[in-house]
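Note sheet for the following structure.
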Amino acid sequence: MDLFKQQRVEDFYEIGEELGSGQFAIVKQCTEKHTGVHFAAKFIKKRQSMASSRGVRLEEIEREVNILQQLQHANIVRLHDVYENRTDVVLILELVSGGELFDFLAQKESLSEEEATQFIKQILEGVNYLHARKIAHFDLKPENIMLLDKNVSLPRIKLIDFGLAHKIEAGVEFKNIFGTPEFVAPEIVNYEPLGLEADMWSIGVITYILLSGASPFLGETKQDTLENISDVNYEFDEELFCHTSDLAKRFISQLLEKDKRKRLSIQEALNHPWIKVSHWREENKTQEPKKRERRQLKTKRLREYTIKSHSSMPPNNTYVNFERFAQVVEDIDQMESSFVNLAAAHDSLQEDIDAMVSIYNDKEAWYKEESEGVRQELSQIRYEFRKVEALKRSLQDDIQAFGHSLNSVCSRYKERMSNFDLLQQELSEELKWVQEVMASFPMDGGVSGYPNFCTVINNDVNEALKELLKRSCGGELLSGMNLDFTEPGQQR
């Protein structure tokens, strides 16, 4: 398509070492040949067919590229160029070499709330730029918050990975199951209409982790995590938040609000007292040194969280088959009325649970019964197939015999036609000879009242020959012959 250059990226860029990888993408460092500028090349594997589940659909890549081309902000990674080949689409992106924000903070001995707000504010400013254009990121998480350069006093935040980003259009309902379980909003878990508010929930989770080193909703299993999110089941553990201000906890609580209408918007978050620089200046003036020291957030737990997340989570920590999962949820959504009718037939929820338990207990016998039924059906199909094969062979034999008979008839027909041709040739020669003989007789004008000899002979010969030919050839050879031997001017 027009968005993508149909040229070899290797002709324009030197491809270097791998920087990272995901389920269907690999990011490598690259250098533009004619400028020497360093970039990041993101190789996205294209899905080769509609039936395949490997790779990313081309329309999804096009959506990501379209969104990136609209973005020019200091806290958002920039798209430089796009190439396409048979298997991949290659995005040439701004090189963000400072690593992940959490990795950087985990290396520090301590982190003050003021320092934390400076990083959160940068995240908010990048998201504000997106939301002003009605673009939702939908995958905000620590792995997608990078530093442009970590070797400065206040590194600049860069938001990356817009593979799940969508433009939210007024009047168009958008639902999907995607993102990283730990950071998704309740409306995603419950398959409800989505909007810009989902990003604000993710920022609340990120802030919670940044200040405590613990994840607010993480459970033993993915299902536990999703249930915790749906129920908004979290708390500010005293041990983890003993040195955290009430203002910071209030900021988090207002973001982790299940009701989207009550959740902080991006503008409200930017104007929140905890984010405002004036709040920290005022506090630093009045706060005693020891009290300020208590606000230093120990980063040991953040290091532990970072190590754990890198070692235990799959690349990008996303649903491997979220498209298929979303389709299943959509089908379930369409069948809700059937479930309601089914539930009405039971006396209580406990009876429903008992029925489900009974079904699960009996499923082994049911599987065996179904397997036996399938086996019998397959046996019947094999029997019918053998019958069809036998009928097919019989039909082929009949067709072959018919072909031989047809060849025999054709041979006899050709032989008969050859005989007819020879007979026609012989008769033609005989008739020619008779004509020559008759022509040699003297012609008499019919003196003395007797009929002319030639006339009599000609008439008799004509009639005899015609009768002979009719009996022999059925009149087929008469059409092209002149059998009239009468003298010119004479009547037969």
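Take the residues of the stretch 156-199 that are closer than 26 Å to Phe102 by Cβ and small (Gly, Ala, Ser): which is surrounded by the most Cβ atoms within 10 Å (Cβ to Cβ)?
Ala185
Just to be sure, is Pro181 in contact with a Leu (Cβ under 9 Å, 6 or more places away or on another chain) and touching a residue at least 60 places away in the same chain (Cβ under 8 Å)?
Working: in contact with a Leu (Cβ under 9 Å, 6 or more places away or on another chain): yes; touching a residue at least 60 places away in the same chain (Cβ under 8 Å): yes.
Criteria met by Pro181.
Restricted to the stretch 243-301, and to residues that are in a helix (DSSP H, G or I) and in contact with a Pro (Cβ under 7 Å, 6 or more places away or on another chain), which residue is modelled with the lowest pLDDT?
Checked the stretch 243-301; the qualifying residue modelled with the lowest pLDDT is His279.
Check every one of the helices (runs of 4 or more DSSP H) wholly within the stretch 39-146 and list those with 2 or more residues that are closer than 30 Å to Pro193 by Cβ and modelled with pLDDT under 95.
In the stretch 39-146, 58-69 are the helices (runs of 4 or more DSSP H) which contain 2 or more residues that are closer than 30 Å to Pro193 by Cβ and modelled with pLDDT under 95.
Residue-wise test of (1) over 20 Å from the mean Cα position of the chain (by Cα); (2) not hydrophobic (A, V, I, L, M, F, W, C).
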| position | (1), (2) |
| --- | --- |
| Ala40 | yes, no |
| Phe43 | no, no |
| Gly55 | no, yes |
| Leu68 | yes, no |
| His80 | yes, yes |
| Gly98 | yes, yes |
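Identify, please: which residue in the stretch 1-38 is modelled with pLDDT under 95 and among the aromatic types (Phe, Trp, Tyr) and is, among those, nearest to Glu64 (Cα to Cα)?
Among those that are modelled with pLDDT under 95 and among the aromatic types (Phe, Trp, Tyr), it is Phe4.
Is it true that some residue in the stretch 1-15 is surrounded by 19 or more Cβ atoms within 10 Å (Cβ to Cβ) and among the acidic types (Asp, Glu)?
There is no residue in the stretch 1-15 that is surrounded by 19 or more Cβ atoms within 10 Å (Cβ to Cβ) and among the acidic types (Asp, Glu).
Looking at (1) over 30 Å from Phe241 (Cα atoms); (2) of a type in the set (D, E, K, R); (3) buried (at least 16 other Cβ atoms within 10 Å of the Cβ); (4) out of contact with any strand residue (DSSP E or B) (no Cβ under 8 Å at 6 or more places or on another chain), which is the one condition that is false for Glu84?
Here Glu84 clears every test but (4).
Going by the structure shown, is Phe138 out of contact with any Gly (no Cβ under 9 Å at 6 or more places or on another chain), surrounded by 18 or more Cβ atoms within 10 Å (Cβ to Cβ) and within 26 Å of Asn271 (Cβ to Cβ)?
Criteria not met by Phe138.
Kindly indicate whether Glu169 is farther than 30 Å from Gln107 by Cα, assigned to a loop (DSSP other than H, G, I, E, B) and touching a residue at least 24 places away in the same chain (Cβ under 8 Å). Give the steps one after another, and end with the answer.
Details: farther than 30 Å from Gln107 by Cα: yes; assigned to a loop (DSSP other than H, G, I, E, B): yes; touching a residue at least 24 places away in the same chain (Cβ under 8 Å): yes.
Yes.
The values are calculated or read from the model by the stated rules, or taken from the named source; none is laboratory data. Here the structure is a predicted model, which means the values were calculated and not measured. Please note: Cβ atoms are built from the backbone with ideal geometry, for glycine as well, and neighbour counts cover all protein chains shown.
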